Amino acid sequence: MTTVLDIYSYIDSFAPFSAAEDWDNVGVLVGDESAAVTKAVVSLDITNGVLDEAKKLGAELVISHHPIIFGGIKKLGSDSPVYRAAQYGISCICAHTNLDKSPVFGVNTALSDALGLTDCKVSGSNEILFTANTLSPVSARELAKSACERLGIESVSYIDGGRTFSKVGVCSGGGGGEIFSAFKEGCGAFVTGEIKHHELLFAKEHGISVFVLGHYKSEDVVIGPLAQLLSEKFTETVFVKSKVFTDGVTHFSI
């Protein structure tokens with residue numbers, strides 16, 4: 001019998017929950033660690049739609065990247081996913097910045113793999129920035145085209161640094177602030193989910209190509225591989241990637 005704690009402990013073995021940022025909230029955030037798990041849904045976020053999906057599938061557990069409880073809860077209404085998870089008797093494991101940081105298997109390693117990059121490793125003092133390499137020097141346009149094809153996205157926003165590159169900084173989600181560390185590490189390009197205006201200007205001034213994939217697209221790449229990894233470890237439990245979760249963003253072009 002596989003329990004919630006068994007699954008938590010396995011995730012902890014390659015993405016230690018103790019490594020999460022101090023401001024983060026990770027671990028078994030809803031439910032009973034001793035509960036048996038025959039089926040689990042893996043999703044980037046835990047929404048009411050994901051919980052309804054899990055209930056319909058007969059899942060006892062939802063595993064997510066983003067925490068279902070983030071910050072203090074002052075009111076727990078019936079429309080809250082936390083309320084619904086408890087109501088359905090579904091436990092929730094959330095692995096956030098600890099999964100970002102993991103050099104063994106995590107969000108940034110999965111993103112690097114999805115982009116066809118090699119030699120992905122932690123770089124920088126805060127363990128958030130990763131660096132990886134292209135198989136051969138490429139232009140910004142070439143990597144943008146490859147990213148669209150590999151990630152199945154219609155478009156990608158990018159800044160062309162004006163030169164070819166092979167070393168790429170990778171920091172998924174809201175990792176735009178790592179552009180400064182990427183510059184110090186000698187990266188000719190930087191891939192992230194979100195980036196601020198002044199960070200883009202810094203990249204432009206220093207000839208760094210930047211690729212902005214969107215928060216969802218830069219992180220959802222880990223969910224399928226995570227479900228597969230857990231399936232291989234716990235063969236008596238069924239792990240499925242959520243089919244209902246999306247950020248809802250639609251790209252429009254004239």
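The values are calculated or read from the model by the stated rules, or taken from the named source; none is laboratory data. Since we're looking at a predicted model, the values are computed, not measured. In this analysis, Cβ positions are derived from the backbone assuming ideal geometry, glycine residues included, and neighbour counts consider all displayed protein chains. To get the accessible areas, we keep the full protein, side chains included, count just its heavy atoms, and leave off ligands, DNA and RNA. Shrake-Rupley method; radii C 1.70, N 1.55, O 1.52, S 1.80 Å.
Per-structure values
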| quantity | calculated |
| --- | --- |
| Inter-residue pairs, beta-carbon under 9 Å, first charged (D, E, K, R) and in the range 72-95, second open to solvent by less than 80 Å² (accessible area, probe 1.4 Å) and assigned to a helix (DSSP H, G or I), 6+ apart | ASP79/ASN48; ARG84/ASN48; ARG84/LEU51; ARG84/ASP52 |
| Selection from the range 73-109 of residues that are outside any loop (DSSP other than H, G, I, E, B) and either of a type in the set (S, T, N, Q) or open to solvent by less than 10 Å² (accessible area, probe 1.4 Å) (or both) | ALA85, GLN87, SER91, CYS92, ILE93, CYS94, THR97, ASN98, LEU99, VAL107, ASN108, THR109 |
| Selection status of GLY49, open to solvent by 20 Å² or more (accessible area, probe 1.4 Å), small (Gly, Ala, Ser) and over 30 Å from GLU142 (Cα atoms) | yes |
| Subset of the range 1-33 (residues that are of a type in the set (D, E, K, R) and either under 13 Å from ASN98 (Cβ atoms) or assigned to a helix (DSSP H, G or I) (or both)) | ASP6, ASP12, GLU21, ASP22, ASP24 |
| Of residues in the range 127-137 being surrounded by 20 or more Cβ atoms within 10 Å (Cβ to Cβ) and under 14 Å from LEU115 (Cα atoms), the one nearest to the chain's Cα centre (by Cα) | PHE130 |
| Selection count where residues are farther than 26 Å from SER253 by Cβ and open to solvent by 30 Å² or more (accessible area, probe 1.4 Å), scope the range 146-177 | 5 |
| First in the range 18-42 and within 16 Å of ILE69 (Cα to Cα), second anywhere and in a loop (DSSP other than H, G, I, E, B) and at pLDDT below 95, Cβ under 6 Å, 6 or more apart | ASN25/PHE70 |
| Helices (runs of 4 or more DSSP H) contained in the range 132-240 and holding at least 3 residues under 21 Å from HIS96 (Cα atoms), touching a residue at least 24 places away in the same chain (Cβ under 8 Å) and not small (Gly, Ala, Ser) | 215-219, 223-233 |
